[in-house]
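> One structure, pasted below without further comment.
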Amino acid sequence: IITLSDLECDYINARSCCSKLNKWVVPEVIGHAVVTVLMLISLHWFIFLLNLPVATWNMYRYIMVPSGNMGVFDPTEIHNRGQLKSHMKEAMIKLGFHLLCFFMYLYRLVSKVV
């Protein structure tokens, strides 16, 4: 979110912003897929069903990158067609989702220990 807002305010250029963001796309996809599979294996159905759409969306975004682009975030297209606003909105939604998941996981951890 901070990197995208820096790009929006013109503090950094599009190429450095996109390279910073693209290096975290693959770890995010792998990490979310691992968490989703672990929830399936441990039979936490509600949390699995909550994580499944987000993991699917992350994989879809990564797979559907056009061949000429630098990655999910492309410096030549980030200012076109309102992509910056949509990336910012997606980042805020993901932040809310991860905050919700953090507190759910923390509650499950504390309820199992006590």
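> Of VAL54, CYS17, ILE78, which is farthest on the positive side of the dipole of the chain, counting Cα position, with +1 on Lys and Arg Cβ, -1 on Asp and Glu Cβ, and the Cα centre as origin?
VAL54
> Further question: Hey, what does the equivalent ellipsoid look like for the stretch 1-113, semi-axes from the Cα gyration tensor as sqrt of 5 times each eigenvalue, largest first, whole Å? Each step should come with its number before you reach the end.
On the way: eigenvalues 188, 51, 23 Å².
Taking √(5λ) for each Cα gyration eigenvalue gives 31, 16, 11 Å.
> Still on this structure, I have one more. About the Cα centre of the stretch 1-113, how large is the charge dipole given +1 on each Lys and Arg Cβ and -1 on each Asp and Glu Cβ? Please answer in debye to the nearest 20.
Working: 10 positive and 7 negative charges, 60 e Å.
Value, rounded to 20: 280 debye.
> Could you give me the ³J(HN,Hα) list for the stretch 14-19, computed from phi with Karplus coefficients 6.51, -1.76, 1.60 and θ = phi - 60°, whole Hz, x at Gly and Pro?
Those phi angles translate into 5, 5, 5, 4, 5, 5 Hz.
> Still on this structure: Modelled label-to-label distance, LEU52 and TYR105, 7 Å Cα→beta-carbon offset: nm?
Those two pseudo-labels are separated by 2.0 nm.
> Taking only Cα atoms, what is the 0 to 90° angle, nearest 10, from helix 25-41's long axis to the longest principal axis of the chain?
Compared with the principal axis, the helix lies near 20 degrees.
> Okay, moving on. Ignoring ligands, DNA and RNA, how do ILE1, ILE63 rank by accessible area with a 1.4 Å probe, largest first? Intermediate values should be presented prior to the final figure.
On the way: ILE1 70, ILE63 125 Å².
Descending order: ILE63, ILE1.
> Next question. How tilted is helix 45-63 with respect to the longest principal axis of the chain? Cα atoms for both, answer in degrees (0 to 90, nearest 10).
Tilt of helix 45-63: around 20 degrees.
> Compute the distance from the alpha-carbon center of the stretch 48-68 to that of the stretch 85-114, in whole Å.
Cα centroid of the stretch 48-68 versus Cα centroid of the stretch 85-114: 18 Å apart.
> Same structure, new question: Go ahead and estimate [θ] at 222 nm for the chain from helices alone: -39,500 (n - 2.57) per DSSP H run with n ≥ 4, summed, over the residue count, rounded to 500. Intermediate values should be presented prior to the final figure.
Values: 5 runs with 83 residues, N = 114.
The helix-only estimate for the chain comes to -24500 deg cm²/dmol at 222 nm.
> For the chain, calculate the relative contact order in percent as a whole number, restricting contacts to Cα pairs under 8 Å that are 6 or more residues apart.
On the way: 56 pairs, mean separation 36.2, N = 114.
Answer for the chain is 32 percent.
The values are calculated or read from the model by the stated rules, or taken from the named source; none is laboratory data. In this text the structure is predicted, and so the values were computed from the model without any measurement. Counting neighbours? That spans all protein chains shown, and the Cβs are built from the backbone with ideal geometry, glycine included. In case anyone asks, the SASA skips ligands and DNA or RNA and just uses the protein heavy atoms, side chains included. Shrake-Rupley method; radii C 1.70, N 1.55, O 1.52, S 1.80 Å.
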